[in-house]
Amino acid sequence: MAAYQEYLRFITTLTAVLDPFLAVPIFLGITAGRDPASRQRLANTVVLTVFVVLAGSALFGEALLRLLGASLPAFQVGGGLVLLLMALAMLNAQVGGMRQSRAEAEQLESGELTGVVPLAVPLLAGPGAIGTTIIAAKSGGLAHVVVILVCLALVCAVVWGMLRVADAVGERLGTTGLNIATRLLGLVLAAIAIETMADGLKVLFPALTSA
């Protein structure tokens, strides 16, 4: 049951981090004026890019941390802080600086960027999603990593589905509905972020456990 809950927590966290409701209006803005077939191809490319980036993080992220001399508990605290900052932006129905800088937003508005950049990277597969995946895949063996990859595929399938029907979702929910959904995901993400930071702090400072 504990393992099942951990995988469910990872799926919930990653869904909140990727936030398909936030991706919908950005995707519609990028693809404005394109034909339906071109939109579908872009959706396929974006989601495939996200999966490849996050799968690479699951497979090689912990090894890279060891190479850099960073401990996983410290990474949990740092990653949790990133998630918390993202959650605070989501609670205000904003993209936030963790996902997109002002310069990147200006480039997007000017049409200088493609759909893969910035939608796939860094808006979707950004620091928050990469950090979440590395933490989830930590020291679990081959079977654990395989399950993590399956979870990644499930979440990416949800994002793919949302992008495929972005027009319908945008029309039905409107700006207010999309913002409400983003705020709800932000609330969930804030709670998970604090728990992630707490787990890392307990390892770094064992005295906190007995306090």
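The values are calculated or read from the model by the stated rules, or taken from the named source; none is laboratory data. A quick note: this is a predicted structure, and the numbers were derived from the prediction, not measured. Don't worry about glycine lacking a Cβ; one is built from the backbone with ideal geometry, like all the others, and counts go over all protein chains shown.
Of all residues in the range 150-179, which are of a type in the set (S, T, N, Q) and either surrounded by 17 or more Cβ atoms within 10 Å (Cβ to Cβ) or over 30 Å from Ala37 (Cβ atoms) (or both)?
Within the range 150-179, Thr176, Asn179 meet the criteria.
Considering only residues that are under 17 Å from the mean Cα position of the chain (by Cα) and surrounded by fewer than 20 Cβ atoms within 10 Å (Cβ to Cβ), which ones fall in the range 180-194?
Selection gives Ala181, Arg183, Leu184, Leu187, Val188, Ala190, Ala191, Ile194.
Which numbered condition trips up Arg34, out of (1) closer than 26 Å to Gly177 by Cβ; (2) in a helix (DSSP H, G or I); (3) among the basic types (Lys, Arg)?
(2)
Check off (1) of a type in the set (Gly, Ala, Ser); (2) surrounded by fewer than 20 Cβ atoms within 10 Å (Cβ to Cβ); (3) over 14 Å from the mean Cα position of the chain (by Cα) for Ala55 and give me the number that stays unchecked.
The failed condition is (3).
Name the one entry in Leu48, Leu42, Leu22, Leu28 that is part of a helix (DSSP H, G or I) and buried (at least 21 other Cβ atoms within 10 Å of the Cβ).
Leu22
Can you pull out every residue in the range 165-194 that is free of Cβ contacts under 8 Å to residues at least 40 places away in the same chain and either on the phi > 0 side of the Ramachandran plot or not aliphatic (A, V, I, L, M) (or both)?
If the condition is that a residue be free of Cβ contacts under 8 Å to residues at least 40 places away in the same chain and either on the phi > 0 side of the Ramachandran plot or not aliphatic (A, V, I, L, M) (or both), then Glu171, Arg172, Gly174, Thr176, Gly177 are the ones that fit.
Go over the candidates Phe10, Phe75 one by one and state the one that is part of a helix (DSSP H, G or I), surrounded by 21 or more Cβ atoms within 10 Å (Cβ to Cβ) and out of contact with any Pro (no Cβ under 6 Å at 6 or more places or on another chain).
Only one candidate qualifies: Phe10.
May I ask you to list pairs of residues, at least six apart or on different chains, whose Cβ atoms are under 7 Å apart, with the first in the range 25-47 being farther than 22 Å from Pro122 by Cβ and the second being assigned to a helix (DSSP H, G or I)?
Gln40/Arg164
Quick test for you: out of Val150, Val121, Val159, pick the one residue that is of a type outside the set (Gly, Ala, Ser), part of a helix (DSSP H, G or I), under 15 Å from the mean Cα position of the chain (by Cα) and modelled with pLDDT of 95 or more.
Residue meeting the stated conditions: Val159.
When the range 94-118 is examined, which residues are found to be hydroxyl-bearing (Ser, Thr, Tyr) and at pLDDT below 70?
First, the residues of the range 94-118 that are hydroxyl-bearing (Ser, Thr, Tyr): 101, 110, 114.
Selection gives Ser110, Thr114.
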